Every structure is written in structure tokens, then in C-alpha cells.
1. Based on the mean of other beta carbon atoms within 10 Å per residue, what is the order of B:155-167, B:268-280, B:218-230, most packed first?
2. Over chain A, what is the mean sequence separation of C-alpha contacts under 8 Å (at least six apart), divided by residue count, expressed as relative contact order in percent?
3. To the nearest whole number, what is the average tally of beta carbon atoms from other chains within 10 Å of the beta carbons of peptide B:307-315?
4. Counting partner chain Cβ atoms within 10 Å of every residue's Cβ in B:92-103, what's the average?
5. Say each of B:GLU323 and A:LEU180 gets a label point 7 Å from the Cα, pointing the same way as Cα to Cβ; how far apart are those two points in nm?
6. With Kirkwood's inverse mean 1/r over C-alpha pairs for Rh, give me the Rg to Rh ratio of the stretch B:266-347, two decimals please.
7. Run through every distinct alpha carbon pair of the stretch B:11-338 and return the Kirkwood hydrodynamic radius in angstroms, one decimal place.
8. Run the count for the stretch A:103-196, please: Lys pairs, Cα-Cα under 23 angstrom, 8 or more apart or on different chains.
Amino acid sequence: MRKFLKPAVFLLALVPFALLLIRALQNNLGPDPAQELSIETGEWSLRFLLITLALTPLRDFTGRSEFVRQRRMLGLFALFYATVHLLGWMTFILGFRWFAIVEELVERPYITVGFTSYLILFALGATSPKVMVRKLGKKWKRLHRLVYLASILGVVHLLWILRTDIGEAVLYGSIVFVLLGYRIARKLNTKKSVFS
Amino acid sequence: MLIKKPSDIKPSEITPESVYKNRREFMLDGSKLLLGAAATSALPSVANAQNGDSLKARAPAAMRRSPPAAWWANKFQDIKPAPDREPFFTGESLTPYEDVTIYNNFYEFGMDKSDPATRSGEFKTDPWSVEITGEVSKPGTYHLEDILKPVDLEERIYRLRCVEAWSMVIPWIGFPLADLIRQFEPTSKAKFVEFETIIDADTMPGIRSRFAIVSWPYREGLRMDEAMNPLTFMAVGLYGSYLPSQNGAPMRLVVPWKYGFKSIKSIVKINFRETQPNTTWNDLQANEYGFYANVNPVVHHPRWRQDMERRLPQTLFSRRVIETKLFNGYGEHVAHMYDDMDLAQYY
């Protein structure tokens, strides 16, 4: 049973991408597919990031270790969706005009924030193999705490592009807030924690 | 202050006639698929359009709307087709009816682009009255039917550029705003026109959203000379049919050289005043949305690049990212109104 869990989670995590791909091939993304692609991939990246963050608390509450075992893979999925998001934006919204891409990254704060979040995710993804974990030792843990910064920047990025209805961004922001609060509280109260 | 005169639209950017005729045939094919035998009823109108003695664009027969009331049907019997030349017409390929009516910003119905189409089923557009107030000799509350009696409906094919950097080409049905304004005889004090959208929380779910930060009603405004410009249009239909709720039924403004948010929908109040009115987006974020909101590729918006636009419908395989033109390509007819103004300051 256990050995099927990881492949099952892997396939499940691919479902949103597969659905997007099918809609794109059927030309069924609506009149403004660039926008639809951006919204969907951006939100899925953020959702995977939040799921990743929720795994440790889930283990603590349930006492089951299966959750944390999926963490690296789900984190990589957050990076995967963010990569599609970034490439889609460069291609379909900016028509691959390099000057425009560079100008946007520098001049538009919400894009700078989103891109910073992406760079963090990229660094975390690049240091996710076991070899790197061993190589970096204690530094690895410190580096990977940046996942919280990446999530906060992700929420800020979303909040910044919204025009009026901030409900969804508020929900995501609250989740990050609760999860981060939980980790800090746990650190302060129970120093005995051997995991983390 | 130098205002660049926009160069004429390059012939290469105008869709060749054969292409847009193909599109019509394509749309016709679509309606055939949808309708089978009933599609034959769509044939005469398309044939007429090609003869030039009828409208240039008709909604697919299956998607045409029924009249909100009997008088609407009468009013729509006689519509002058769009001419063959700019500025009341453009040969660029039309954004299909299906896309024009599913991709809308109308926050009173919800934040998603498809909300206005899917969540406006309860919205009632008849009877409808419009309140005329302020610096006019004939203020009052008028039935829409009475306001429309003296005006002649015509078709106009305009580009619509949204501040979010997408654009469409839409065949509207309506009349010049000037024809409406003259009916109420504005006084010499009328320097600005202010418009308001209906608030009906019962039928407009977006108004009930707790997270929406717009304070309703939606308000927009124009300077008097802008309002009287021959390009400024009041639309009551599109694609030869009655305006769908999501597009601002029963009557909405169309100001083709300004960003779409100026073209206020479902108007219930028109106020003539001496001072510049507050407008919804300007109140919300003054640094992003100016009162003038003229389409301008060199005046930057904090969030969206304004020097290019996605011409919808886009597909991921034929991405149509085109250059945005000053005044959305209508500069020849409107630039003179801003001769003494710094467009970067009065954005």
C-alpha cells in the first residue's frame, strides 16, 4: 500500500497540468488563453506551496509520517507550476520580447516580487536532491526555511495583481500566516522537537 | 506640448476582406453545426451583409437574443449598417460573438471574466428608466423607450482596448451620445457628464461579495467635448442583436479611444455638471487609473504594459500580441481635444 502512495500523489499532482494541456489542445481556454494559463498555473503553484507547508503540521497532528515523505516531490511540483507560469507569461503575454521581459521584471513591483519568489523556489528545487542535502548539512535547513518567504511573496504577488475582489488572496495569506505561526509557536514552546 | 499624430493604420494590419469573409463563413459553419436545419435562417442575413444593404455583422442565429420587450423589436428593425471606412468601421477581423459575450469585466456580477455571462440570468433590463439631472433644461426620469424614440440606430465596428492589455473588435448597435445629450438641452454650465450604473443587489451577485472593494454604484465621466465627439457612442446592441446583460444591457457607453473601464455599463443616471466628477477607478487607485484614461502606449500603468495588447481571441498557437496605438488608433479624430494637455500628467 505504502509504495503506491508516492506514484499516486505524483499522478494526482499532474492532474491540473494535464487538464490545462487538454484544454489548450482543444483550444478551450477561452478567448484569452494567456490570462487563463497565467491564473491557473500561478494559483496551482501557490496551492502546492501551501500543501507542502502543511505537511509537517499534518504529521504532528496525525502522528503519521507518510505526509512528510511527499514533501520534496510536492515542493518540486510547486516549482514546476511556477515554471510553466513564468514561461507562459513570457511567451503568451509578452510575446517573447526580451526588452519587455527585462523591463517588466525591473519596473513592475508585483512582477519583481513574483520573480523573487520564483528564484527562491528554483534554489530550493536545485538543492532538493539527497546529495545536496548531505553536502549542505546544516545550511540546507536554513536555506529551505526560505520556503516561507517564497510563499509570502507569492501571496503578495497575487494580491498585487487583483483588481478588487481580494477574497482568494486573503484565504491563501491566512493559510501561510497560520502555518508559519504554527512553526514558530512549536519552535518556541517545545524545544524538544527532534524533527522540524 | 507635442502630441504625436498617430500614423495611419498600416494596410498590412487590416485584415484582407477574404480573411474576414472566411471568418463569417466559419461562424456560419459553427451555427450550422449548432443548429442544423435552422442555420438556413442565418444565410440570408449573411448574404445581405455581403451585398452591403444590411448589417456588416450578425450574431449566430442560435445565439441571437429575444427582445426584452416588444418595442425593442420595432426599434431594431431599422438599423443603418456601418460604413466601409474609418473611424466608424474597421476591417480588422471581428472578435466572435461567443467571445465578446463571455469575456467581460462587470464586477457587479462577479470578479471572474465569465461571471457577468453566467451570473446575470436574473438581471432585468425592461422596464428601464434613466434619471437625467444637473445642468440641463429638461431634467427628469425618462423611460428608455422614450429616450430612444428620437434616435436612429446604427452599426459601428470599433476596437475596444482594455487597460488589462487585451483588446477586441466589436460591431456595436447604438447611436451617438451627442444625439442623446441634445434631447435634454444642457446649459452653458454643463462642462462634464457623469454616468452611473444600476445597483441591484438582488440580481447582481458581485455587489453582495464581501471582498469587493468597489463602493457602488460604478461611476464614470467625460468632459463635455469628449461626450459630444462623433465617435462617442451609446450602445444598445451588438452583432445586430440586443445587448446581453454581461455587455451592459440595456444601454452602455462606448468610448473607443479610451480604456474600456470608461465605457460604463447599464446606465441609470446621467448628471450634467460644472466640475469634473469622481470616477470609480480613479477613486480606488488614482495612480493607476486617471480620469482621462486615453489609450496611450507610452504612458505606463503600474501593472500592465500599455505598448502592446493581446487581440482576442488569442489561441496558444496563434498568439496575437500586437502594438497598441495612441488613442487606440483614433487619434486623427480625437487628439485635437487634448492639444494643450500633457498626456503623461492627465493620463
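1. In descending order of packing, they fall as B:155-167, B:218-230, B:268-280.
2. 19
3. Taking all residues of B:307-315 together, the mean is 5.
4. 1
5. Computed distance between label sites B:GLU323 and A:LEU180 equals 4.4 nm.
6. The Rg/Rh ratio comes out at 1.03.
7. 20.3
8. Close lysine pairs under the 23 Å cut-off: 12.
Only the coordinates and a few stated rules stand behind these numbers; no lab work does. Only a predicted model underlies this, so the values are computations on that prediction, with no experimental measurement involved. FYI the Cβ positions are ideal-geometry reconstructions off the backbone, even for glycines, and counts take in every protein chain you see.
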